[in-house]
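Chemist: The structure follows.
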């Protein structure tokens, strides 16, 4: 099969790009041809299809909103990409006209800088469409089911105007208005009805989509694949607790810092990742002087460096205050023989087996997290056994080759149904 893989980013930016990279590597091993379609940014992976990528709305060096120098023209371009992009449609039509048809398509993250307008191009050409649902974009204006730091489901069933009422996008009336407008327009145009199957990485997401009105026959649970950059058995453990990913408010890192200082373990705390919206300064301000040398923020890491850091951690903590949708950091930690302490939110309880490969704590509870850390770190042998149990499970359940084969079977079945 020739498979179109649509994702707005084509460089290592986050979990969706880790997933995309796995597909780009694994699907060709099964005899399939990957046809990527993305936005043209500096630092993109090389691709013979790059000349067909969608131009960046604010220049190739500005992949995120906070990096953009907004002019009236760029604001209009961003508005077009957020609602319904004729530019993206033109680029995809050109790609398919000049390089040949595709047998199936997988949409991963096509919101905002690309837009779901490309779904109509695929539907017009009778290309079956699968869509990976990695966040709550289809149901929530800020993608997170959060309002003022607390869980909120007001918009889930279509009442998107609440996103404008509460200024849910960056606390901005203008940004919220654009987002809410795009949600209503896309629903009115029936763009999401063009998707043949929605792939969800956890049952929690599947149930939220069903409650929002998507037919259950279109919903299929397919767990994320995961792989290590450093092959072989995990290395020796260091003496630190780890949290890695975005440094942003919804990640609940303030809860982790407070819990760490309450537990005062004989191990350092390492928080790894890029800062978003000034969250790093707010976290630093919570650190008491006696812990200043023990709580570390080394920045962003990827590849082999990230693998080594995860492998050396005693445990990782995923303290999310939002309904995190099966975060890859849980699987990545287990793959490296590192148990996980996670908030009992969203898809996280489906990933962690209490007392077997990690522990769960009450979301937002500093005392519950501190208790869990104290209990686990007091028995290093049991902690190591949990790490081994998690690794054994992930090697089977989240194998990249097996995932690619399952995805190919799904797409092949959809393609046969279109013929």
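Chemist: Suppose only helical runs count, i.e. DSSP H with n ≥ 4. What mean residue ellipticity at 222 nm does that imply for the chain under -39500 (n - 2.57) per run, divided by all residues and rounded to the nearest 500 deg cm²/dmol?
Modeler: Numbers: 15 runs with 163 residues, N = 419.
Only helices count here, giving -11500 deg cm²/dmol.
Chemist: Let me ask something additional. Could you calculate, for the chain, the ratio of the Cα radius of gyration to the Kirkwood radius, expressed as Rg to Rh?
Modeler: Ratio value, two decimals: 0.96.
Chemist: Also: Over all pairs of distinct alpha carbons, what does the Kirkwood formula give as the hydrodynamic radius of region 240-397, in Å?
Modeler: On the way: mean 1/r = 0.0656 Å⁻¹.
Final number for the Kirkwood radius of region 240-397 is 15.2 Å.
Chemist: Additional query: Within 10 Å of each residue's Cβ, count the other Cβ atoms and sort 350, 266 from fewest upward.
Modeler: 266, 350
Chemist: Using the 2.2 N^0.38 Å rule of thumb for compact globular proteins, work out how region 65-219 stacks up: its C-alpha Rg over that value, please.
Modeler: 1.07
Chemist: Can you tell which of 29, 237, 218 shows the greatest fluctuation in a Gaussian network model of the chain with Cα springs below 10 Å?
Modeler: Comparing 29, 237, 218 in the GNM, the peak value goes to 29.
Chemist: I'd like the distance separating the alpha-carbon centroids of region 390-413 and region 6-26, in whole Å.
Modeler: Going from one Cα centre to the other spans 16 Å.
Chemist: Taking the alpha-carbon centroid of each part, what is the distance from region 279-329 to region 87-160 in angstrom?
Modeler: So the two Cα centres are separated by 30 Å.
Chemist: Just to be sure I understand: with springs between alpha-carbon atoms less than 10 Å apart, which residue in 172, 320, 365 has the highest mean-square fluctuation in the Gaussian network model of the chain?
Modeler: Judging by the Gaussian network model, the answer is 172.
Chemist: Connecting C-alpha atoms closer than 10 Å in a GNM of the chain, tell me which of 389, 177, 285 has the biggest fluctuation.
Modeler: Of 389, 177, 285, the Gaussian network model singles out 285 as fluctuating most.
Chemist: What percent do you get for the relative contact order of the chain when only Cα pairs under 8 Å and 6+ apart count?
Modeler: 14 percent
Chemist: Using the Kirkwood radius over Cα pairs, work out the Stokes-Einstein diffusion coefficient for region 1-63 at 25 °C and 0.890 mPa s, in µm²/s as a whole number.
Modeler: Roughly 204 µm²/s, to the nearest whole number.
Chemist: Now, a different point. So how do 41, 49, 113 line up by other beta-carbon neighbours within 10 Å, fewest first?
Modeler: 49, 41, 113
Chemist: Compute the semi-axes of the equivalent ellipsoid of region 79-134, taking the square root of 5 times each eigenvalue of the Cα gyration tensor, and list them largest first in whole Å.
Modeler: With the √(5λ) rule applied to region 79-134, the semi-axes are 18, 15, 8 Å.
Each reported figure results from applying straightforward, stated rules to the coordinates on display, with no laboratory input. Computed from a predicted structure; not experimentally measured. Glycine gets a Cβ as well: all are built from the backbone with ideal geometry, and neighbour counts include every protein chain shown.
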